[in-house]
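Chemist: I'd like to ask you about the structure that follows.
The values are calculated or read from the model by the stated rules, or taken from the named source; none is laboratory data. These numbers were taken from a predicted model, which means no experiment stands behind them. For neighbour counting, all protein chains shown are included, and Cβ atoms are generated from backbone atoms with ideal geometry for every residue, glycine included. Quick note on the areas: whole protein, heavy atoms, side chains included, nothing else; ligands and nucleic acids left out. Shrake-Rupley method; radii C 1.70, N 1.55, O 1.52, S 1.80 Å.
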Amino acid sequence: MADIQNLLLFVGLSWVLIVTPGPDLIYVLTKGISIGKKAGLISATGVTLGIFVHTIFAALGLSVILKTSALAFMIVKLIGAGYLIYLGIKTLVSKEKLNLRNNEQQTPNRKIFTQGLLSNTLNPKVALFFMAFLPQFIKTNGTEITPIPFLILGTLFALFTWIFLAILGYFSGAVGHYIKTKDSVSKWIKNLSGSVMILLGIRLAFINQK
């Protein structure tokens, strides 16, 4: 069975990517600020479940691709590397700021959860990101590849995401105000994330199947 490698690096990079301001973070902050702490927690749970759905898809699909086809492995690797580098450059050059609005009307809890779930489940960018990110931390070495390592790493990523977003959603009022008034913090996190994604893309481009 393929083994997980560089687990501590995976954990560290996961947290860097998770805390980067993006659609998930903005969604949870917006719901928490505009509706309340409970809405923040519910939205965080919906978003995280969407990530776990992609974990399952990535695990099943990638395990078959990596096991049966060297050409498919190379194609996925190059697409994934290019996408990560693109995301990194886009993040670095982006001039967008967090846009938090607190004028939303009350929304049912079920709708908040469903919106968070669908925002990730139906987002092909999330699936492509997992296909680019997870294989870098799994050893192949010519051994049989199963979905288990992908599921373990994806579940860890989803767990870290939920912990961060749940805390963020609960304390969304204070956190949202801080980020809005501290442009230097948001800019520092954005630059760090962009650089990390570019490095991950370069690293992925040179990974071998065996």
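Chemist: Can you compute the modelled spin-label distance between residue 93 and residue 38, with each label point 7 Å from Cα toward Cβ, in nm?
Modeler: 4.6
Chemist: For the stretch 49-55, in order, what is each residue's ³J(HN,Hα) by Karplus, 6.51 cos²θ - 1.76 cosθ + 1.60 with θ = phi - 60°, in whole Hz (x at glycine and Pro)?
Modeler: Once rounded to whole Hz, the list reads 5, x, 5, 5, 4, 5, 4.
Chemist: Tell me which residues come under 5 Å, amide H to amide H, from residue 138 once H is placed; ignore anything under 5 positions away on its chain.
Modeler: Here 5 satisfy the definition.
Chemist: Turning to a different aspect of this structure: Taking all protein chains together and a probe of 1.4 Å, list 45, 55 from the most accessible to the least accessible. Provide the component values of the computation, followed by the final result.
Modeler: Values: 45 55, 55 0 Å².
Descending accessible area places them as 45, 55.
Chemist: Would you mind putting 25-33, 128-136 in packing order, based on average other-beta-carbon counts within 10 Å, highest first?
Modeler: Ranked from most to least packed, the peptides come out as 25-33, 128-136.
Chemist: Another one. Assuming R0 = 25 Å, can you tell me the calculated FRET efficiency for the pair residue 171 and residue 56, based on Cβ-Cβ distance, to the nearest 0.05?
Modeler: It comes out at approximately 0.25.
Chemist: Order of 5-17, 150-162 by packing, highest average Cβ count within 10 Å first?
Modeler: The densest-packed peptide leads the list: 150-162, 5-17.
Chemist: Not counting ligands, DNA or RNA, and with a 1.4 Å probe, what is residue 48's accessible surface area in Å² rounded to the nearest 10?
Modeler: Here the accessible area works out near 20 Å².
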